[in-house]
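In what follows, a structure is listed as structure tokens, so that the remarks can point back to it.
The values are calculated or read from the model by the stated rules, or taken from the named source; none is laboratory data. Everything numeric here is computed off the predicted structure, so don't read it as measured data. Neighbour counts run over all protein chains shown; Cβ positions are idealised from the backbone, glycine included.
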There are 4 protein chains.
Amino acid sequence: MSCPLPVPLTGIVPPLCTPLTHEGEIDTAGLRALAQRLVRAGARALFALGSSGETAYLSDVQRDTVLRTVVEAADGEVPVLAGVIDMTTPRVLDQARRAVDAGADALVATAPFYTRTHPVEVAGHFRRIRAAVPLPLFAYDIPVAVHHKLAAATVLELAEDGTLAGLKDSSGDDGALRRLLVSLRQRGLLERFSVLTGSELAVDGALLAGAHGVVPGLGNLDPDGYARLYAHARAGRWREAAEEQDRLAALFALTDVGPEDTMGRNSSAIGAFKAGLRLLGVIDCAATAPPQVPLDATAVKRVGALLEEAGLL
Amino acid sequence: MSCPLPVPLTGIVPPLCTPLTHEGEIDTAGLRALAQRLVRAGARALFALGSSGETAYLSDVQRDTVLRTVVEAADGEVPVLAGVIDMTTPRVLDQARRAVDAGADALVATAPFYTRTHPVEVAGHFRRIRAAVPLPLFAYDIPVAVHHKLAAATVLELAEDGTLAGLKDSSGDDGALRRLLVSLRQRGLLERFSVLTGSELAVDGALLAGAHGVVPGLGNLDPDGYARLYAHARAGRWREAAEEQDRLAALFALTDVGPEDTMGRNSSAIGAFKAGLRLLGVIDCAATAPPQVPLDATAVKRVGALLEEAGLL
Amino acid sequence: MSCPLPVPLTGIVPPLCTPLTHEGEIDTAGLRALAQRLVRAGARALFALGSSGETAYLSDVQRDTVLRTVVEAADGEVPVLAGVIDMTTPRVLDQARRAVDAGADALVATAPFYTRTHPVEVAGHFRRIRAAVPLPLFAYDIPVAVHHKLAAATVLELAEDGTLAGLKDSSGDDGALRRLLVSLRQRGLLERFSVLTGSELAVDGALLAGAHGVVPGLGNLDPDGYARLYAHARAGRWREAAEEQDRLAALFALTDVGPEDTMGRNSSAIGAFKAGLRLLGVIDCAATAPPQVPLDATAVKRVGALLEEAGLL
Amino acid sequence: MSCPLPVPLTGIVPPLCTPLTHEGEIDTAGLRALAQRLVRAGARALFALGSSGETAYLSDVQRDTVLRTVVEAADGEVPVLAGVIDMTTPRVLDQARRAVDAGADALVATAPFYTRTHPVEVAGHFRRIRAAVPLPLFAYDIPVAVHHKLAAATVLELAEDGTLAGLKDSSGDDGALRRLLVSLRQRGLLERFSVLTGSELAVDGALLAGAHGVVPGLGNLDPDGYARLYAHARAGRWREAAEEQDRLAALFALTDVGPEDTMGRNSSAIGAFKAGLRLLGVIDCAATAPPQVPLDATAVKRVGALLEEAGLL
């Protein structure tokens, strides 16, 4: 049921939420339903075990269950990218081997975190992963989690020597992204190195700048919106792309429904995505993993109102 | 020689470099030549005493000289925005009064820095400035200097109650900018509140998102490039806008010509802008203010090469 | 009325609060009373225009008034150190020249802020100040305000070549301070280079580690406590020193009396110091400079209770 | 072979390095030798799988091996604390259960990292761990790794309700530590809540302030030095304690032997500890885990010189 990764990978690659039961176990039925919904909406690949998938909150056994379920649901129709998120190289290698066993088509790894790591060591980290595991490798640039930004020089070096198949850029630094895209183009690397933006609120601009695709957390709720945005952009209908993006940016307000004085921004965003999926009938239970605080009734009501405003309910 | 500020202010608003003599004094002839060059290239307003203008390195007397020179050079053809950059409200008020005396048409102030300031206090800061000085006021969101980001709620509140005439967003956070633009539009404020991006490498995306204009440091060197970019965008020629932006992003590599082990990034960027202006014949001396380290000959040569690649030399 | 600086400077060097009138002007009578109280309590020098003195909130004219008032009150009995806080070298030089005119006996300058500055440039910054102004110069290491820490190598280099007469360390990094003290001792510099800690809650440990003195904001309220702490430490009564420090650490809770949801930590701390000085009868008005939010009645009451617990009221 | 944890735990609790073979496997003989050396030197407990133990770089299987080896070597003479370092509650619970199986006597957990977590959620995190695992639990406050500091209010709350048995404070914020110690004493909690400092360069000051003990990475190399420091402090010989600390602070220079342009500070410090252990004949191989860059010959030579200066070689 594997599916080779297009080179370069383009289009909408949603980072799947991970539905949980009230007991905190993986809701495999809900996850399958979500995966199939996203494929039907035109996702070019599925990204399991990313930040939107609460990967930081899942045990290794749960991660395996998630990945096997998504691979099965994708059914060879689209490739499955697997987040292999852990602190340093040896631990990421363990995650990577499990992901291979579970049927992943490509891997997505961050730079080391928790430790203080030199750019030379960051490059070595990705090289060791690529050498050890026979799957295309994406670098995941997410300073909000990892607390340092991938150096452009490192990305270019690893793109050039074939270590990396692509980049998922969740840095939110669109100026740096533009310079990277220009450098990749100057070196003739854009044909084989995929740049996917995780900045789900400026997708029109990122596509205009030459990014290949987008990994939108909000795409769990409105995959059709992102599919339309992408289609408009590819057809050169930039004004229509921007309008679609504006609608999605307004909907994104749901990530802030949780009160700031009692819960983290992670919990608010993930809680809102899941509350929305439940309201849309995709999943049965909106539970998030501990220690995240659940949304209260007022917040859930606000999610519903925003889904209505966006025309989804 | 004053010039009323268009409402909203749109287009290219270059933040002028401040040419200095070898003795460290303001080169008023060079500054005048630069200002006139930018107006000729289609600048809709001039922004004096911003970060590109080394305002943090200029004494109060020098700031006055800069502002008077730019106001005189603008000659009432375009409005002059003046940075009034200081640590907290009382000191900014002193800067603001001097700027009024020197003939500024509008003021640009950051949130307090050096101190730890609550959002409630940040709002009070802008309100006091606006109440004390009879000029339109722009908020300057520049976390890299001020070390916190302006809260969207604060900007919306101050846009709604008329405290602020606009925002210069140098946060580089294009997702947050998109959400702000959507919120301003929902409240009907985009007709009177100007949003100018300082992210000079993603101007096409920012204009597509609805920003009114751009304040590009690189516009000191290539004002025609930004003028073309803006014209393409306004005419809906987004592909051409993106190509122009790509060329400018490649040119931006000149900000990194200074070696990282012996000089700061500020010095490298400002030094490169000034070295370029000298190579282009706009100014006579590329000196930067202390304690900035000057570019070495290798770096200056690289600036020249990049100007050539960009078709400017 | 000048007073030569002891080499090295030792003991308690309180950073004076700046009393303000209800109209926001300098309350020179209150400031004089405060200065005299501190000298009577055994201060070895007075530090005017530091962070506790709201220097970031004072205009240049107000800074002059403060410094002249403190110099006059010190009356040649103890030296007066003057903060010369501004963004970069040229602006600090202006502050320094004014401080010389106002009668300062030594200067205290931070590294550049607002800008991004390389360690090489930071060293050049202090060298230029020292070269231009004929007064002993202290480096003020305050990362919470300046957003980078002075490199130990820079401090050692500037201590060795005589640029700096000392360091005021408000970094709170006592491990780094210990390594610096050991390095200074190894180079034989502790006889002429003063190390003053601004970490007012770990003074016993800092003196045990070899620091020469302390610059305690809380010393505005309880100068006798810090004098006793210092005397105990110099006499080797470390247990008694620690008990005094414990009492002062408990009193320090007054810096947190302001509610976190409506005011900054700066405003809370400075407001509490001033409310305490008013309750102690040293000054008449506890106003703080804008845009700081004033303490409410509940907070002021809590200040009083803490002063009582500490035996000061 | 278990050993009950003293209440409160006091004294030297070294965080063991993890010797590795050239092939990257756990060198159990070396680890046993190290553990026994530390117990002989008077360690009151052993801390396995902390930052000095490269826990972030070890696979789960390797972590098990480390912990079983240390428990076996401790042989019931001293308790073994086990780091259970992972991103969030569910993953830490897995680590905790494995640590119980391997024979740990107490657990040491950080706040969640990689995710953005609210203080309310941080408290819930520790409560869930304590509820699920029948071992005393220490909070590990290490902002340099986790990127936020544990709030004092959270620690006090969890000390008071019995969730936490103690704190390992590697924040380096000795002012905050002093306030915490004063608050714990005011509530009568210091008899049952252990405060261990990880600031190995200011141990004299921390003990003077009331801390119960210390967790010094440098104690791997010089356990006798820390034992003497602790004995001096407990006997009130503060001057002698400070001199011992000064010697250890000078030795700490070995953490900086690795060149900054080619390796991370983690790699330099851990590499130096291990190079030193090899020079001292405790272990056979100084390898560090990938992606850490190994020390070059010059750096290793410098380690030797520093060990000689400190009288250890």
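Key figures
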item: Filter result for the condition that a residue is touching a strand residue (DSSP E or B) at 6+ places or on another chain (Cβ under 8 Å), among the hydrophobic types (A, V, I, L, M, F, W, C) and either over 29 Å from D:Gln95 (Cα atoms) or part of a loop (DSSP other than H, G, I, E, B) (or both), over A:Leu67, A:Leu5; result: A:Leu5
item: Residues located in the stretch C:280-313, provided they are among the β-branched types (Val, Ile, Thr) and over 23 Å from the mean Cα position of the chain (by Cα); result: C:Thr298, C:Val300
item: Among the candidates C:Asp101, C:Asp86, C:Asp105, C:Asp94, residue that is charged (D, E, K, R) and in contact (Cβ under 8 Å) with a residue 60 or more places away in the chain; result: C:Asp105
item: Meets criteria (assigned to a strand (DSSP E or B) and buried (at least 24 other Cβ atoms within 10 Å of the Cβ)) for D:Ala104; result: no
item: Single condition D:Glu72 does not satisfy, out of (1) away from chain A (no Cβ under 14 Å); (2) surrounded by 24 or more Cβ atoms within 10 Å (Cβ to Cβ); result: (2)
item: Some residue of the stretch B:26-42 being touching a residue at least 60 places away in the same chain (Cβ under 8 Å) and either closer than 30 Å to C:Thr288 by Cβ or within 13 Å of chain C (Cβ to nearest Cβ) (or both); result: no
item: Matching residues, the stretch D:75-93, being in contact with a helix residue (DSSP H, G or I) (Cβ under 7 Å, 6 or more places away or on another chain) and either surrounded by fewer than 24 Cβ atoms within 10 Å (Cβ to Cβ) or within 14 Å of chain A (Cβ to nearest Cβ) (or both); result: D:Glu77, D:Val78, D:Gly83, D:Val84, D:Ile85, D:Asp86, D:Met87, D:Thr88, D:Thr89, D:Pro90, D:Val92, D:Leu93
item: A:Ala272 touching a Phe, Trp or Tyr at 6+ places or on another chain (Cβ under 7 Å) and not basic (Lys, Arg); result: no
item: Members of the stretch A:230-244 that are at the interface with another protein chain (Cβ under 9 Å from one of its Cβ atoms) and either touching a strand residue (DSSP E or B) at 6+ places or on another chain (Cβ under 8 Å) or crowded, with 23+ Cβ neighbours inside 10 Å (or both); result: A:Trp238, A:Ala241, A:Ala242
item: Answer residue from the stretch B:257-266, given it is surrounded by fewer than 19 Cβ atoms within 10 Å (Cβ to Cβ) and over 19 Å from the mean Cα position of the chain (by Cα) and is farthest from the other protein chains (Cβ to nearest Cβ) among those; result: B:Pro259
item: 3 or more residues under 30 Å from B:Pro259 (Cβ atoms) and not polar (S, T, N, Q): qualifying helices (runs of 4 or more DSSP H) within the stretch D:189-303; result: D:265-279
item: Selection count where residues are at the interface with chain A (Cβ under 9 Å from one of its Cβ atoms), polar (S, T, N, Q) and surrounded by 24 or more Cβ atoms within 10 Å (Cβ to Cβ), scope the stretch B:177-198; result: 0
item: Hey, B:Ala297 farther than 25 Å from C:Phe113 by Cβ, free of Cβ contacts under 8 Å to residues at least 12 places away in the same chain and more than 14 Å from chain A (Cβ to nearest Cβ) or not; result: yes
item: Boolean, C:Arg247 is without any contact (Cβ under 8 Å) to a residue 12 or more places away in the chain, surrounded by fewer than 20 Cβ atoms within 10 Å (Cβ to Cβ) and within 14 Å of chain D (Cβ to nearest Cβ); result: no
item: Number of positions in the stretch B:130-157 that are part of a helix (DSSP H, G or I) and surrounded by fewer than 23 Cβ atoms within 10 Å (Cβ to Cβ); result: 11
item: Test result for A:Leu167, buried (at least 24 other Cβ atoms within 10 Å of the Cβ), more than 14 Å from chain B (Cβ to nearest Cβ), under 30 Å from A:Gln36 (Cβ atoms) and touching a His at 6+ places or on another chain (Cβ under 9 Å); result: no
item: Output for the stretch D:4-27, where each listed residue is closer than 19 Å to D:Gly217 by Cα and charged (D, E, K, R); result: D:Asp27
item: Residue within the stretch D:48-64 that is of a type in the set (A, V, I, L, M, F, W, C) and away from chain A (no Cβ under 14 Å) present; result: yes
item: Where A:Phe252 falls short, out of the listed (1) within 12 Å of chain B (Cβ to nearest Cβ); (2) farther than 19 Å from A:Thr288 by Cβ; result: (2)
item: Positions within the stretch B:107-137 being within 11 Å of chain C (Cβ to nearest Cβ), more than 17 Å from C:Val293 (Cβ to Cβ) and among the β-branched types (Val, Ile, Thr), in sequence order; result: B:Thr110
item: Filter result for the condition that a residue is basic (Lys, Arg) and in contact (Cβ under 8 Å) with a residue 40 or more places away in the chain, over B:Lys168, B:Lys149; result: B:Lys168
item: Number of the condition not met by B:Gly217 [criteria: (1) under 14 Å from the mean Cα position of the chain (by Cα); (2) at the interface with chain A (Cβ under 10 Å from one of its Cβ atoms); (3) not aliphatic (A, V, I, L, M)]; result: (2)
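Here is a yes/no grid of residues against (1) buried (at least 16 other Cβ atoms within 10 Å of the Cβ); (2) in contact with a Lys or Arg (Cβ under 8 Å, 6 or more places away or on another chain); (3) of a type outside the set (Ser, Thr, Tyr):
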{"site": "A:Ser268", "(1), (2), (3)": "yes, no, no"}
{"site": "A:Ile283", "(1), (2), (3)": "yes, yes, yes"}
{"site": "A:Ala286", "(1), (2), (3)": "yes, yes, yes"}
{"site": "A:Pro290", "(1), (2), (3)": "yes, yes, yes"}
{"site": "A:Ala305", "(1), (2), (3)": "no, no, yes"}
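Yes/no per residue for (1) modelled with pLDDT of 95 or more; (2) under 19 Å from B:Gln62 (Cβ atoms); (3) not hydrophobic (A, V, I, L, M, F, W, C):
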| residue | (1), (2), (3) |
| --- | --- |
| C:Arg91 | yes, yes, yes |
| C:Asp94 | yes, yes, yes |
| C:Val100 | yes, no, no |
| C:Gly103 | yes, no, yes |
| C:Val108 | yes, no, no |
| C:Thr115 | yes, yes, yes |
| C:Val122 | yes, no, no |
| C:Leu135 | yes, no, no |
